[in-house]
Every structure is written in structure tokens, then in C-alpha cells.
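Take a look at the structure set out below.
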Amino acid sequence: MRVLYVAICSLTLSLGAAVGVNLQKKSMQLEKEQREHLRRSPFLQPLWCIGLAIIVLDACGDFVFIGMAPQSLLAPLGSLCLGWNIMLAPIFQPTEKVTKQIIYATIVIYIGTILTVLYADDASSTYNLDDIVNLMKTTPVILYFSACMIFEYTLMCHGERQREGYGITHYCGLAGSFGGKSIIFAKISSELIKYSIMTQDYQDWKTCILPYMFLVGMLGTVTTQLNYLNYALEKFDALVVVPLYQSFWNAFGITGGLIFFQEYKDMSRFDSYMYTLGVLITFAGVAWLVMQRSSSTSTSTST
């Protein structure tokens, strides 16, 4: 029952995220039509700010229920926003067309997501600050964050060396990587708040700076994630950007949850196989969706 409730909440919140992203994309497109000296920064564009407000409210909703389920369950549910995006993108950007191939790819993504939801661990453990600190000291967690930093540094260096600057993979890869870390910090912060409320013990918040550092880490990674995502939306087709970004976000979000919170230990062997199959099907659907959008975009450009 908890899994169903989380899935319904995620589906509802993903609608808000899709609306917010498409509003920001629409605002930036309208701004491009203005003369260069009349163009405003995003924060001075009312439509962009409305999109940001919706995304922030959506993130607040995510934060509320993120402590109710394992991260390995929550991360794949993020793919549900692709369905909303397919319905909304042509409304906000009429030049972006939805083809049968895109619909088929989205169906594949939803099949993979359903598998991961069915076989993910649905038991949400409660963590206190000592538990979090002990988890952070483990070798896999240190290697995970090190790999994230190396990946981000490599993308930044490669993007800076390109004559045309950052490409869609640079922006989406960086947004997805920071997004994957943001859900870890959000999960940690949510768990610490949940533990304090359940036990009525707020001593860690009064005597230690670590809980506040996790909140700052969450806000910093979310801000950086949105920054790179908006750069991608400004330059590229939303129907390509969103699934590519989502694939990176899923990769780092799922891996981060399994490694940091050691959620794989609570899965049976069969469940872990089916969960992995669901993740692979989801990635395959996302890759198919990206290839279809890339091919259709290049075709329309050549004609």
C-alpha cells in the first residue's frame, strides 16, 4: 500500500515538474525573439519565475514524502515525468512533434519503471545522525562521491575545450549528476527530520552542524542542477533534453541510493534481478527516446 501511495504522489508531483520545466523553456524561447538589448535575465521573466515557483513547490512535496520510501524506489519513479513531458511539450512548444516512436519509447520506459517499483525494497528504514555518519565513512560511498566529482570535472573540462562550447550531453550529464546527489542529501535531511519528530529528540540539531550542512548540500546541488538544466533547455529541444537528463539523473540517483543506504542488502536475489531488469528496460526506453528525438531534430534541420 505504501508503494502505491508513493507512486501516486510521484506521478502527481512529476506533473508539476514537467509544467515548470516547459514554462521555463517557453519563457526563454519568447525572450530569444526579443532584440538582444531588450532581453532580460531569467529572474526578470515572469513566466520563467512562475515555472521556477512550481518546481520549488514540487521539490517541497518531494521532500515531504522522500522519507517514506527507499531512494532506489524513488529514483526510477522520476522517469514518470517523461510521459507528462510528451503531452505538455507540444502544447508549450508547437514545433516539437510527438511521433509513434516517441510514444512506444515512453511505453517501454513505463514498463521498466513499473518493474522497478514492483521489485524495489519497500521497507523504509529510519536513520539518526550517527547512522548517517557511519554510512558516509564506508568505502563504497567515498568511491561513489569521488566518481561523481571525476565525472563532473571531466565533462566541464571537455565542454570548455569544445569550440562550440558545452553540448547537450555536457549540460544534461552535469544536471543529472548533481541531481543524483541532491536526492541523497534530501533523503538524509528528510530522515534526520523524521527521526527527530518521531523521537522528540532535537539534540543533534542543537549541538551539531552536520544536519545543516546536509541541508546546504541539498540546496546547493538542486540549484546547480537547475542551472545546467536551464542552459540545456535554452539551447536544445525539450523533448531531447528531458529524457537525456532523466537518464543521467536515474543512473546517479539509483546508484547513489543503493550504495549510500545499502538498500541492496534488503532485496532477495530474485527481486534484485527483476529490479535490475526494470532499470535496464527504463534506460533502454530513454535511449530510444533520445535517439528518436535526435534523428527527428536533425531531419527537420536538414530540410
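The values are calculated or read from the model by the stated rules, or taken from the named source; none is laboratory data. On a predicted model such as this, the values are computed, not experimentally measured, just so you know. FYI the Cβ positions are ideal-geometry reconstructions off the backbone, even for glycines, and counts take in every protein chain you see. For the accessible areas, the whole protein counts, side chains as well, though only heavy atoms, and no ligand, DNA or RNA atoms are used. Shrake-Rupley method; radii C 1.70, N 1.55, O 1.52, S 1.80 Å.
Before anything else, pin down the relative contact order of the stretch 79-208: Cα pairs under 8 Å, at least 6 apart, normalised by residue count, whole percent.
This gives 24 percent for the stretch 79-208.
How many nm separate the modelled label positions at Thr138 and Met291, each set 7 Å beyond the Cα in the direction of the Cβ?
3.5 nm
Any idea which of Met87, Ile54, Leu30 is furthest toward the positive side of the dipole for the chain, if Lys and Arg beta-carbons carry +1 and Asp and Glu beta-carbons -1?
My answer, from the dipole projection, is Leu30.
Probe radius 1.4 Å, ligands and nucleic acids ignored: give me the carbon and sulfur share of the accessible area of the chain as a rounded percent.
Heavy-atom surface of the chain belonging to carbon and sulfur, 1.4 Å probe: 67 percent.
Using a 1.4 Å probe and counting only protein heavy atoms, arrange Val56, Val216 so the residue with the most accessible area comes first.
From most accessible down to least: Val216, Val56.
Which is farthest toward the positive dipole end of the chain among Tyr127, Ile209, Phe63, measuring Cα position about the Cα centre, with Cβ charges +1 (Lys, Arg) and -1 (Asp, Glu)?
Phe63
Take the alpha carbon gyration tensor of the stretch 87-152, find the square roots of its eigenvalues, order them as a ≥ b ≥ c, and report rounded if a/c is under 1.5; if not, report prolate when a/b exceeds b/c, else oblate.
Prolate, since a/c reaches 1.5 and a/b exceeds b/c.
In square angstrom, what is the accessible area per residue of the stretch 100-187 with a 1.4 angstrom probe? Intermediate values should be presented prior to the final figure.
Values: 4380 Å² over 88 residues.
Ligands and nucleic acids excluded, the result is 50 Å² per residue.
For helix 46-65, report the angle its Cα long axis makes with the longest principal axis of the Cα atoms of the chain; keep it between 0 and 90° and round to the nearest 10°.
The angle comes out at about 20 degrees.
How big is the shadow of the Cα convex hull of the stretch 165-303, averaged over all directions, in nm²?
Computing the convex hull of the Cα atoms and averaging its projections yields 10.6 nm².
Mind telling me which of Pro42, Pro94, Pro211 comes out most flexible in a GNM of the chain, alpha-carbon contacts under 10 Å?
Checking each option, the largest mean-square fluctuation is seen for Pro94.
Give the calculated FRET efficiency between Phe43 and Ile197 to the nearest 0.05, with a Förster radius of 35 Å applied to their Cβ-Cβ distance. Write down the numbers at each step before the final one.
Details: r = 34 Å, r/R0 = 0.98.
For R0 = 35 Å, the calculated efficiency reads 0.55.
Longest segment of the chain with no GluC sites (Glu not before Pro) in a DSSP loop having at most 10 other Cβ atoms within 10 Å?
Longest stretch, sites excluded: 165-303.
Under a Cβ-only charge scheme (Lys and Arg +1, Asp and Glu -1), can you give me the dipole magnitude of the stretch 145-303 about the Cα centre, in debye to the nearest 20?
Charge dipole, the stretch 145-303, about its Cα centre: 140 debye, nearest 20.
Which of rounded, prolate or oblate describes the stretch 157-217 when judged by the alpha-carbon gyration tensor and an a/c cut-off of 1.5?
prolate
Quick one: angle between helix 210-235 and the longest Cα principal axis of the chain, in degrees between 0 and 90, rounded to 10, please.
The helix 210-235 is inclined about 20 degrees to the chain.
Which trypsin sites (Lys or Arg not before Pro) in the stretch 164-212 sit in a loop by DSSP (not H, G, I, E or B) and have at most 13 other Cβ atoms within 10 Å of their own Cβ?
Of the trypsin sites (Lys or Arg not before Pro), not one in the loops of the stretch 164-212 has a Cβ with at most 13 other Cβ atoms within 10 Å.
Any idea what the dipole of the chain comes to, in debye rounded to 20, about its Cα centre with Lys/Arg Cβ at +1 and Asp/Glu Cβ at -1?
700 debye
Remind me, relative contact order of the chain in percent, using alpha carbon pairs under 8 angstrom and six or more residues apart? Can you show the working numbers first?
Working: 385 pairs, mean separation 84.9, N = 303.
It comes to 28 percent, rounded to a whole number.
The stretch 79-176: which trypsin sites (Lys or Arg not before Pro) are DSSP loop and have at most 11 other beta-carbon atoms within 10 angstrom?
Sparse-neighbourhood loop trypsin sites (Lys or Arg not before Pro): Lys137, Arg163.
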